[in-house]
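**Q** I am attaching a structure below and will ask some questions about it afterwards.
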Amino acid sequence: FDCLHFSWYNRAPSCSCTQGNDTPSDVHPYELCLGNSRTNMWQMLPYTSSNMAEYGQLFNRLVQAFQDVFLWIGSALQVHLPEAEYSALVQVAESLPGNVISHVEPFISLVVML
């Protein structure tokens, strides 16, 4: 099936220097250094899927058309999920970088099967 992924992704650290193993707890992550090099913080920021950039206008139209459905799904999940699980979903959706708001809250992704 062809599909479009309108998603936010986390970048996984690729080495022990960015995973936090043996890092001092009293140093801010922006100040961490390994030898003469500093940690590149840009490589650790979450990023959007390529479909989000390529089909952004379609995404905006889908969100607008299905806004009531997304609100209903969120309300149904709030009723049927345990409070801790629902709160965890909302917390992730509300903590996107750059104060971006998820239009499909409590989720951070929308997948459209074509």
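The values are calculated or read from the model by the stated rules, or taken from the named source; none is laboratory data. Keep in mind it's a predicted model, so treat the numbers as computed, not measured. Cβ placement follows ideal geometry from the backbone for every residue including glycine, while neighbour counts extend to all protein chains displayed. Heavy atoms of the whole protein, side chains included, go into the accessibility calculation; ligands, DNA and RNA do not. Shrake-Rupley method; radii C 1.70, N 1.55, O 1.52, S 1.80 Å.
**Q** Just for the stretch 72-84: of the residues that are surrounded by fewer than 12 Cβ atoms within 10 Å (Cβ to Cβ) and either under 19 Å from the mean Cα position of the chain (by Cα) or among the aliphatic types (A, V, I, L, M) (or both), which one is farthest from Cys3 (Cα to Cα)? Even if it seems obvious, please write down each step before you answer.
**A** At the first step, the residues of the stretch 72-84 found to be surrounded by fewer than 12 Cβ atoms within 10 Å (Cβ to Cβ) are 72, 75-76, 79-80, 82-84.
If we keep only those that are either under 19 Å from the mean Cα position of the chain (by Cα) or among the aliphatic types (A, V, I, L, M) (or both) as well, we get 76, 79, 84.
Details: Ala76: 25, Val79: 30, Ala84: 31 Å.
For the stretch 72-84, the residue satisfying everything is Ala84.
**Q** Considering only residues that are surrounded by 12 or more Cβ atoms within 10 Å (Cβ to Cβ), part of a helix (DSSP H, G or I) and not aliphatic (A, V, I, L, M), which ones fall in the stretch 86-100? Walk me through how you get there before you give the answer.
**A** The initial filter retains those residues of the stretch 86-100 that are surrounded by 12 or more Cβ atoms within 10 Å (Cβ to Cβ), namely 86-90, 92-96, 100.
Next cut, part of a helix (DSSP H, G or I) only: 86-90, 92-94.
Once the filter is applied, which keeps residues that are surrounded by 12 or more Cβ atoms within 10 Å (Cβ to Cβ), part of a helix (DSSP H, G or I) and not aliphatic (A, V, I, L, M), the stretch 86-100 yields Tyr86, Ser87, Glu94.
**Q** For the stretch 46-55, state whether one or more residues are acidic (Asp, Glu) and either more than 17 Å from the chain's Cα centre (by Cα) or open to solvent by 90 Å² or more (accessible area, probe 1.4 Å) (or both).
**A** Just the residues of the stretch 46-55 that are acidic (Asp, Glu), to begin with: 54.
From the residues that got through so far, the ones that are either more than 17 Å from the chain's Cα centre (by Cα) or open to solvent by 90 Å² or more (accessible area, probe 1.4 Å) (or both) too are 54.
Among the residues of the stretch 46-55, at least one is acidic (Asp, Glu) and either more than 17 Å from the chain's Cα centre (by Cα) or open to solvent by 90 Å² or more (accessible area, probe 1.4 Å) (or both), which makes the answer yes.
**Q** Here's another thing I want to ask about it. I'd like the full set of residues that are within 21 Å of His5 (Cβ to Cβ), part of a helix (DSSP H, G or I) and not hydrophobic (A, V, I, L, M, F, W, C), limited to the stretch 49-71. Spell out how you get there, then give the answer.
**A** First, pick out the residues of the stretch 49-71 that are within 21 Å of His5 (Cβ to Cβ): 49-67, 69-70.
With part of a helix (DSSP H, G or I) added as a condition, the list becomes 50-54, 56-65, 67, 69-70.
Listed by number, the residues that qualify are Ser50, Asn51, Glu54, Gly56, Gln57, Asn60, Arg61, Gln64, Gln67.
**Q** From the list Pro82, Pro24, Pro29, exactly one residue is at pLDDT 75 or above and closer than 22 Å to Ser95 by Cα. Which is it?
**A** On the way: Pro24 fails: closer than 22 Å to Ser95 by Cα; Pro29 fails: at pLDDT 75 or above.
From the options Pro82, Pro24, Pro29, the qualifying one is Pro82.
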